[in-house]
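The structure under discussion appears below in the form of structure tokens.
The values are calculated or read from the model by the stated rules, or taken from the named source; none is laboratory data. What you see is a predicted model, and the numbers here were worked out from it, not measured in a lab. Here the Cβ positions follow ideal geometry from the backbone for every residue, glycine too, while neighbour counts run over all protein chains shown. Keep in mind that these areas ignore ligands, DNA and RNA; they rest on the heavy atoms of the full protein, side chains included. Shrake-Rupley method; radii C 1.70, N 1.55, O 1.52, S 1.80 Å.
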Amino acid sequence: MHESSSSMDLLILLFALLLVASSPVALAKSSPSVPAIFTFGDSIFDAGNNHFNKNCTAQADFPPYGSSFFHRPTGRFTNGRTVADYISQFVGLPFQKPFLELRIQILNGTLKRFPSNGINFASAGSGFLLDTNKEMAVTPIQTQLQQFKTLVEQNHIEKSIIQKSLFLLESGSNDIFNYFLPFQTSTLSPDAYVDSMLTQVNKTIDQIYQLGARRIAIFSLGPVGCVPARALLPNAPTNKCFGKMNVMAKKYNTRLEDIVNIIPTKYPGAIAVFGAVYGITHRFQTYPARYGFSDVSNACCGDGTLQCGREGYKICNNPNEFMFWDFYHPTERTYHLMSKALWNGNKNQIRPFNLMALATNITF
């Protein structure tokens, strides 16, 4: 009787383990193993850092930015939440606040310590290259990393938390867009320019690893040559995507994925995923009706060369049907679809596994 009871207990235990192993959703919920998210990048992630940088001229701190979700401008370059916001929601954390806002609150005494759920360092308009939009006083990746490093060195962030946290990294579209600006002619060939970007990517990964990052998600560029703003560039087509720009983005993405693939070998204890944002976005453009879009070419907010929110702009009736919010940035709905693909998508969307797997306690 005793032996049979033990066998039954063992069977029940095995069944329970199999059930959990086959159910990533159950595993994610039962494993709150990500205490915080640290975010570095540009406007895809920026939660308002530029708003708190009074020297910065790249701003979205006026209506109708933020109108669909926050019902006020927050400094996010869309009508609602960003990819970083959605990933925080999927993990079960409150939104990360912008570093510059937190720093002001610490200095004026309204906040005693930096929050435990992570920090957003992203700055809209920034790139991997120091010169990208320098005249707009944006915060490049190098400075974002320095801000994080200072907090770690001053023990404002616990090192044990850092190793369990999710690190989100995304940048480069501003670098590539600026390569084609008429007044900023680069002396580098497209390939050499991409090389210089990837050199900075490697330095960034080195630094965040040295500071304790172990769960790293790096996202590719989208089809930069398809943003409505490309029509403002000389020699760019107005009725289709700018092929040369997309070719450059794809070359960068291919080599970026190679870098991501060697992270576990190069950095002991680190695991990394590559978010194939180009492919995700391209599918929205190729099959718009399937994703509920009626317009995947034009900005919902703005009018031709007029910036969204500036005098004389127009706004569409239903932002959810538009892929682009303004002439450079996606709508909240586009970000939501993109985030879902990154969170629980297949290998066409994110690889070698998705963010939900990265955020759980599995040992890979």
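Is there a residue being among the β-branched types (V, I, T), crowded, with 17+ Cβ neighbours inside 10 Å and farther than 21 Å from L145 by Cβ anywhere in the range 225-233?
yes
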* To do: Output the number of residues of the range 234-264 satisfying the condition of being over 22 Å from L198 (Cα atoms), surrounded by fewer than 17 Cβ atoms within 10 Å (Cβ to Cβ) and touching a residue at least 12 places away in the same chain (Cβ under 8 Å).
  => 1
* To do: Determine if the range 105-122 includes at least one residue that is part of a helix (DSSP H, G or I) and polar (S, T, N, Q).
  => yes
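Applying the selection to the range 287-331, what residues are among the small types (G, A, S) and under 23 Å from the mean Cα position of the chain (by Cα)?
Passing the criteria: G292, S297, A299.
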* Asked: Condition test on T187, is it open to solvent by 60 Å² or more (accessible area, probe 1.4 Å), β-branched (V, I, T) and under 25 Å from L256 (Cβ atoms)?
  -> yes
* Asked: Hey, among P73, P98, which residue is of a type outside the set (A, V, I, L, M, F, W, C), more than 18 Å from L337 (Cα to Cα) and in contact with an Asp or Glu (Cβ under 6 Å, 6 or more places away or on another chain)?
  -> P73
* To do: Starting from the range 205-225, take each residue that is in contact (Cβ under 8 Å) with a residue 60 or more places away in the chain and list its partners that are in a loop (DSSP other than H, G, I, E, B) and among the hydroxyl-bearing types (S, T, Y), counting only C-beta distances under 8 angstrom and pairs at least six apart or across chains.
  => I205/Y267; Y209/Y267; A213/S165; R215/S165
* Considering only the range 79-120, state which residues are of a type in the set (D, E, K, R) and surrounded by fewer than 22 Cβ atoms within 10 Å (Cβ to Cβ). => K97, E101, R103, K112, R113
* Say whether the condition of being touching a strand residue (DSSP E or B) at 6+ places or on another chain (Cβ under 7 Å), at negative phi and either among the hydrophobic types (A, V, I, L, M, F, W, C) or touching a residue at least 40 places away in the same chain (Cβ under 8 Å) (or both) is met by at least one residue in the range 147-163. => yes
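Is it the case that some residue within the range 228-251 is touching a strand residue (DSSP E or B) at 6+ places or on another chain (Cβ under 7 Å) and either over 30 Å from E153 (Cβ atoms) or of a type outside the set (S, T, N, Q) (or both)?
Among the residues of the range 228-251, at least one is touching a strand residue (DSSP E or B) at 6+ places or on another chain (Cβ under 7 Å) and either over 30 Å from E153 (Cβ atoms) or of a type outside the set (S, T, N, Q) (or both), which makes the answer yes.
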